[in-house]
Structure formats: C-alpha cells, structure tokens
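These notes are about the structure you will find just below.
The values are calculated or read from the model by the stated rules, or taken from the named source; none is laboratory data. This one's a predicted model, so the numbers in the text were calculated from it and none came from an experiment. Neighbour counts run over all protein chains shown; Cβ positions are idealised from the backbone, glycine included.
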C-alpha cells in the first residue's frame, strides 16, 4: 500500500507527554514508534482512537499514546475493548497485549473476541517470557526453558499464537517482528484496515529476561534464510535469491524445499483470502519455534461481517419492525387491568 | 382459608372467602411453573391482591417422579392487601406421590389436598419413598382429600385431537389449572386465548391443552365432588393501571427506563446464571430500545465489556448471581479506580460456591460491601419487592452516573421469580437522571495550552468528569494503576495515594448527603422494638409488624434501600429504640454493619433455608422481644442470636458477650 493518505497529524501528535519507562533496549520501543509513525499515515484522529491494554510490560503502551486509553487488568483487555467497540463503531479500538496477558490469563477473551470478529486491532507482543514479574516462563516459552519458576526447565508445550488465532476463527492473522520497522508498519496498517478482528503476533525482544530469543531468525544476517515472507498471490519462497521455497508435503501439510530440486511450479502460492484456513494453518506449523525458517506477514485475511455491525443490524431491524421503544407501552405489554 | 359464610354441602353452592394460599406441586416436567403463572394472571385479572413464590429444583429434569425433581408454585390471593406468598398453603395440588411427599408436611390440618390419583401406582410410590399408599393407609386423614384421575380424564378429553397418549398426557397440568380455575372462579377466557397464542406453531398441542383446560373446568362444575366453589372479591386498590410483574422483569424494565431517563444507550454484558438469566432474556427482546446485550464468554468478560461500554458513554450493566459475583470482583475494583459508571446486578442465591442455585438468600451484602482488595468503596442499593426492582434499578443507575462509580444493585431469587401486581407509574413522573459529558478542557498544561485533567473533581459530588472518546482535545488515559490527583497521570507517590484513597471514600460517603432521611414507621408512636430490614424481607417484616400491631402491641419498622452509604440519620434513628431486630436471609450481614458503624446492639434474626421468612417467624420474634422488654429484663437476652425457628445461637456479636464486657 503506497498511496499514503495526506497526513493530518504528525508523529509528535500521537506521543503523550509521559516518559517511556520500558527497559533501555526493549523491543517495545520500536513497536511504539512504528505505531506512532503509522497513525499519521492512516489519516485517523486522536480523539477517535483508543488503546486498551491489560497487564504486563506491553500493557503500558496506552500511557505513551496521546489518545484515549485504558490500562486495565490482567488478560481482560479484549473483553473491555469488545464492549467499547460494539457500542462505539465510530472508534478505532486497538488492543495491546503480551504473551502472558493474552495467552495465559486472558486466553479466553482473546479467542472469543477473534471468533466474534469484533472490530479490534490486536497487537500481541510475544517475548516468550514474563517480563514485568521478572522472568518466569510464559505460555510461548520453549519446552525446557530455565527460569526462576522453572529451575529444572519448563515442562509445558508452548502455544503457537498464529495457530491458536486461526483455530479461533480469526479473520485476520499476521506476524511481524520488532527489528523491521517497515514490515511492522505495513503489517499494522493491514491489521488496522481489516474490517473485523485482526490479530498480529509481534516477535519482541526482552533484552533483560530473554535476550536474543528471536536472534536466530531476525538478525539482519539471518533474515534471508530464516524468515519466509508471505505475499498474497505469490509463490512462497525465501533465501537471498529466493532459492528456498514452501511446497506441499503430500500429506495435507507443507514442507521447506529447494526451488532447484522441485521446480518453481511446485511452490505453494500464498492465498490469504482462502476461506478454508488449512493453508494458513499449515504455514503456521512450518516452524516449531523461532529457530527454524519462520513465515512472517499476513497468514489470513478474509471478510466476515464484524460483530458490532451485526448487533447494530439487529437493532435497526427491531426498530423497523416495532418502532423505537416506548417505555409506557413496554410497561403495559403484559396483561393489565384498571381500577378507578 | 378463612370462611366468611357457613360451608354448604350442596353442589353448585358458592362460598365467599377473603383469601387462600394454593400450592401447585408436581414433577419438574409437569409444567407446574407455567400452571402457577397462568393462575397468577387469572387472579390478577380477577382483581385480587396476590403474591407468588415459585420453588423449583436446580436440575432441569431430575429423575422423573423423584423427590429431587419436585417443582412447586405457591400463590396467595386475597380480597385485601397482602404482602407475602403465605406461610403455609390451604390447598395443595399434588400431581404425583413425590409432590405429595415433598409438600404435605407444609399443609396444616384440615387443609385441602387435590391429588392426581392416576400417578399413584406402585412404582411412583416407591420412587417417592412411600412404603404404603398414603391414599389408603390413613396418613392423610387430617386433610380434605380430593382424589381425581387427572391423567385419564386428560387423555379422554384430548382424544379428538388424535394426539398420542404420551403427548396428550402432558396436558394434565392444564386440567389441574382448569379445575382450580373453576374452584376459585377465575376468568378462563384469557387462559384460553393465551393457549392459542402460546402454542400457535403446534396446533395439536394448543388443541390438547385447551381441551384439557376446559375438561378440568367442567369436571369441577359437573362432578359434584367439591362441596362448593369459592369466590374471592377483588381487593381494594389505588386507582390506576396495574400489571403483574416478577422482580427480574421489573428490573430489566427498570434498566430500560434508566437508559431512557439518562438518555444513554444501554449495554448489558452478562453470562447466563440462575436466577439472573431472565434479565438477559428480557433485555434481549427489546432491541428496539437500542439496548445491546452481549452474552459474554464468561462472567469476567460480561462485566469487562460493560465497563468498556461505559468508557464509551453507554449505561454499562452486568447481571449475575452467586459465583459470578466472585469472578467479577477484580473488574469492580478496576471500575472503582477508573471512576466510571457501572451497574453490577446481583440476584442473590444460596452459597457458598454453587450452593443453592434456585433458592433465595441475602448473603452477598458483605461481599458487595467489602469484596475487593484495597480500599474500594462501592455504593449498594437493594430492591425490596418484585415491582420495587424497577425503581431500584433507576436509583442505582442514578448514583452510578452522577458519582461515576460502580454500584451494586442487590435483588435475590425470591424477588427475581416472585411476582406481585404493580400499579404502573406515569413515565413522565420518573426522575431525569441524565448527566453531562465533559466537552471542554478543564486545566492548563505546562505549555500554557488548555488541557484535560481526568481526575479533577466536582466540588459538590466529588465525581470526576466523564469525557468519552470522540471528544477532541480531551484525550486521556485511565487505568488500574494509582493516578495523580487532578492530572490523572500514573503516580506511585505515597501522599498522593492517601489523597486518592480518601477522595474515593469521601465521594461514596458523600452520596448520603442527597439521600432521603431514614424514617421508621411507628404508627403507635411508642414502639420500643425496631425491625430493621433490607431487600426481600420487606414483605414478611411488614406483614409480621402488622400482625403484632393488630394484637395491640407496638413495633417500629425501617427498611433500607441504600446499604452503602446508609441514609444520613440512620444512627440517630437506630439509637432511639431499645431493641433493634434485624431479620435477614444470612447470618447477620446488615447486623454487623450497623453494629460496627453505630455501636448499637442490633440483633439478627437469621434464616438461611433457601426460602423467604414466614410472617409467623417474624411475628414470633417480635413478640418475644416485646415480652422480654415488658418483663423488665435488664440484661439483654443471653442466648445470643437465634435463627428464625428459634434454634441455637448464630454468629454475630452476641449481646451477652457485650454485656459481660
């Protein structure tokens, strides 16, 4: 998307006067600036923009935005945002959350906001660790993770957030990472413009408690061979010269291939609009963690009426059928009788 | 059943009575609630005063014919003002042996038993735990028993419909309804019309029900087994238009009214839970009022969504009961911190945990009062009768909006499902509860530019401004972290925290300034005993007090609608009585609050049996207190608090202990 709207605001307009207090070197800084750079380009207004968060490092985000915002309670941001989005369809409602906030304590609200397709833009900062509570393993930490609460290694299998979102009937699912501002901005733009619930997993480095978690795939020198850019309508390939690719494994899944071995025509063509989420899901299963070639970009973008519009439609229908509600008639809608 | 004329043992004779209490009891699948509802509507249309008490199991269909599966509906109808569904039935309609067994102990001697004998076979008797047939072993000799083969008569009546016997048999509740309608001269045309409307999609069922209903009515008239039928004159009423309403419907309508009066769209975030779900059901029907209902994924999401809607300028409401209240506690605390309007409607039921889902209790008052971490005061409003739920909803919304605070609205299972005739208000007479959103900056920033401070307070109400998204120039961030007084930025500063804690407390306490003064009702003017109540005990307390006064004794009554803060003069009123007796459906919640707030020796009269107080229980307790005073007992009763049936000491500061100190 290159035809940028005339900027009505500048980046400065979107930054609050609050000192940003993430640890120096935290990946959250670059996500914040990507969002603050994007918003002027979207041509949206500060007063119509709301950031809602839960608890965690990521959740401090709303304080740094000069918009309306709520820093709420652990895990509940999607629920609170649902109430706002459904009653105020005129607003742009963003949810900023982390892997602990949205996949542990708030897992229920996340999946239901996605399946309802509430008009929310959900940015999930995944650093695979609990930062604000000082370094316990999270629901996206790899098995065997040594942390303060797992001195002998964690035992639980992690969530794959993209797979989870797809399984929750999400209509828009994407992944980006904190070292590529341009990719973040374009991904957030797509998420914002999506007419429904959008879910973006942002690989984010916690340089204090989980430094370098994504280095193997997103350091500049590793990106070409370890990040698989998803482009709608294009054969899925990666590598400095596009020498690697993704092809069917013949068993309903996908596998990594060398283009030279299989031929270009064997590559899978990405189709983010496919109603059946199987391809997107198979893509999400290509990597078991950020140490193998990992797809980034938009996995799925399909259209389904958003929840708030459906709710409003029912209200309009009810009014068309029965007229605007009249309190006095309502009180008299059952059997009534009079005494003089 | 007080008879005004001598019984006449001739068929076709009519007696006039002033009141009767009828209980319909059957299996959960027998449609007893529906039968009761219809009988209620017929009675309301007859102009009788009435009060109802449904009583049903938590299981949708417990094993058929078992004691656990018995569902009952009690209705009290009269030619004069009544307040309660009656302490005991005069007439028990038992559709099967289990219904008889579960209810017969409540029937006083000489009471009337109407029994469906067709259901009294060996298997059903065994299921109900009867070793011998009570119809034959003489155990019912104290009652007037009418054995009627309701099932076979229903099958016979429904034959023309061609319905299978298995289906036709299900119409037997309409047979019973028809029979009782004849016995008490209820108008039947409305029920006949109702059957047509209700079952219009399944004509065969409509026809079977109508035939069974008519057959029951005709059976009463022609079978000549009843000595007489009964006439109950209409009660005297204030002029006006009336309807019969349950507490949950009244509460839902009150929320719609509050939305109308506040000129704000209504948003309900709710998760289904007994006995609160009917509010969700009712509001979901009225989308033409602009109400948005969200059946959330859980209790927490229900209140969270309501709070999000409130941030956007809607009247946000969540409804729940029992365990749902526990789950919502954290979000209530957030709402206290955000200082946004929010209604938390709690239809109380028996606890702890899942407890008694379908049975009433008043045991959430202290949770509403204190059930949050930190200093988190929340106003509490309690409804006292089914129709009062309407006004209580408006009052709770008024406080929430004016003071930008979450408010607990307490009802309970008894009010929720119970019904009473309601003299409808003139909508124009309802209060304007609208408030203004902030539209302009209210401070000057360090740069000299106008800016918005979300935590400046109105000097009168101490409420903060409600600035909703979409308002240019008023962008601000709120949250659960402590905020700097005024400017509203995050602040961990100790002195500021104390300022904010005290400001929030003062705001809630200050609501009392504008509450009506508490006024005890003491018609004789010389009462020494005060009955202090809240919530659904209103009916039983009022009726109990009336009985005591009728017997020539004085007693005062004060019923609280505002539980936090209390009316401004409550302490003064309480201190002017020698004995304060607090009947409540818990072990002493209000009792503890008034004892600690006012250092008065309030005494609880507890009942936690899943059912409302009987009038007799209140009456007895009052008379005991009066007797004790009159006998000149200088030392307060040393037995401590007692429950409604006079058993053992309950918890709560015992007067005896205090006396010993």
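Details
- Once the stretch B:168-215 is narrowed to residues that are assigned to a helix (DSSP H, G or I) and touching a strand residue (DSSP E or B) at 6+ places or on another chain (Cβ under 6 Å), the residue that is farthest from residue B:118 (Cα to Cα) is B:183.
- Considering only residues in the stretch A:62-79 that are more than 7 Å from chain B (Cβ to nearest Cβ) and over 15 Å from residue B:328 (Cβ atoms), the one that is surrounded by the most Cβ atoms within 10 Å (Cβ to Cβ) turns out to be A:77.
- So residue B:377, is it surrounded by fewer than 18 Cβ atoms within 10 Å (Cβ to Cβ), touching a residue at least 12 places away in the same chain (Cβ under 8 Å), over 22 Å from residue B:255 (Cα atoms) and not assigned by TED's automatic domain parsing to the domain that holds residue B:68: no
- Hey, residue B:307 assigned to a helix (DSSP H, G or I), modelled with pLDDT of 95 or more and closer than 25 Å to residue B:257 by Cβ or not: yes
- Options B:115, B:22, B:77: the member that is farther than 29 Å from residue B:249 by Cα, in contact with a helix residue (DSSP H, G or I) (Cβ under 9 Å, 6 or more places away or on another chain) and crowded, with 24+ Cβ neighbours inside 10 Å: B:115
- Some residue of the stretch B:260-275 being surrounded by 24 or more Cβ atoms within 10 Å (Cβ to Cβ), within 7 Å of another protein chain (Cβ to nearest Cβ) and in a strand (DSSP E or B): yes
- Of B:161, B:191, B:222, all but one fail to be assigned by TED's automatic domain parsing to the domain that holds residue B:73, within 24 Å of residue B:40 (Cα to Cα) and either buried (at least 20 other Cβ atoms within 10 Å of the Cβ) or without any contact (Cβ under 8 Å) to a residue 12 or more places away in the chain (or both); the exception is B:191.
- Within the stretch A:113-160, being over 20 Å from residue A:59 (Cα atoms) and not in a loop (DSSP other than H, G, I, E, B) holds for A:115, A:116, A:147, A:150.
- Among the conditions (1) within 11 Å of another protein chain (Cβ to nearest Cβ); (2) at pLDDT below 95, residue B:254 misses just one, which is (2).
- The one condition in (1) within 11 Å of another protein chain (Cβ to nearest Cβ); (2) touching a strand residue (DSSP E or B) at 6+ places or on another chain (Cβ under 6 Å); (3) farther than 19 Å from residue A:311 by Cβ that residue A:105 fails to fulfil: (2)
- Taken together, B:320, B:243 contain a single residue that is more than 10 Å from chain A (Cβ to nearest Cβ) and either modelled with pLDDT under 95 or under 18 Å from the mean Cα position of the chain (by Cα) (or both), which is B:320.
- Within the stretch B:473-508, the residues that satisfy the criterion of being away from chain A (no Cβ under 14 Å) and touching a strand residue (DSSP E or B) at 6+ places or on another chain (Cβ under 9 Å) are B:485, B:486, B:496, B:500, B:503, B:508.
- Once the stretch B:301-315 is narrowed to residues that are within 25 Å of the chain's Cα centre (by Cα) and more than 7 Å from chain A (Cβ to nearest Cβ), the residue that is nearest to residue B:256 (Cα to Cα) is B:315.
- Any hit, the stretch A:109-116, residues being surrounded by fewer than 24 Cβ atoms within 10 Å (Cβ to Cβ), without any contact (Cβ under 8 Å) to a residue 24 or more places away in the chain and within 8 Å of chain B (Cβ to nearest Cβ): no
- Counting the residues of the stretch B:398-442 that are part of a strand (DSSP E or B), modelled with pLDDT of 95 or more and closer than 26 Å to residue B:589 by Cα gives 7.
- The number of residues in the stretch B:555-575 that are touching a strand residue (DSSP E or B) at 6+ places or on another chain (Cβ under 8 Å) and either more than 19 Å from residue B:360 (Cα to Cα) or in a strand (DSSP E or B) (or both) comes to 14.
- Filtering B:343, B:327 for residues that are within 14 Å of chain A (Cβ to nearest Cβ) and in contact (Cβ under 8 Å) with a residue 60 or more places away in the chain leaves a single hit, B:343.
- Filter pass, residue B:331 being more than 21 Å from the chain's Cα centre (by Cα) and crowded, with 24+ Cβ neighbours inside 10 Å: yes
- Residue under evaluation residue B:226, criteria (1) farther than 30 Å from residue A:338 by Cβ; (2) part of a strand (DSSP E or B); (3) more than 14 Å from chain A (Cβ to nearest Cβ), criterion not met: (2)
- Here the stretch A:277-330 is the region considered, the condition is being within 8 Å of chain B (Cβ to nearest Cβ) and in contact with a strand residue (DSSP E or B) (Cβ under 8 Å, 6 or more places away or on another chain), and the residue that is farthest from residue A:253 (Cα to Cα) is A:315.
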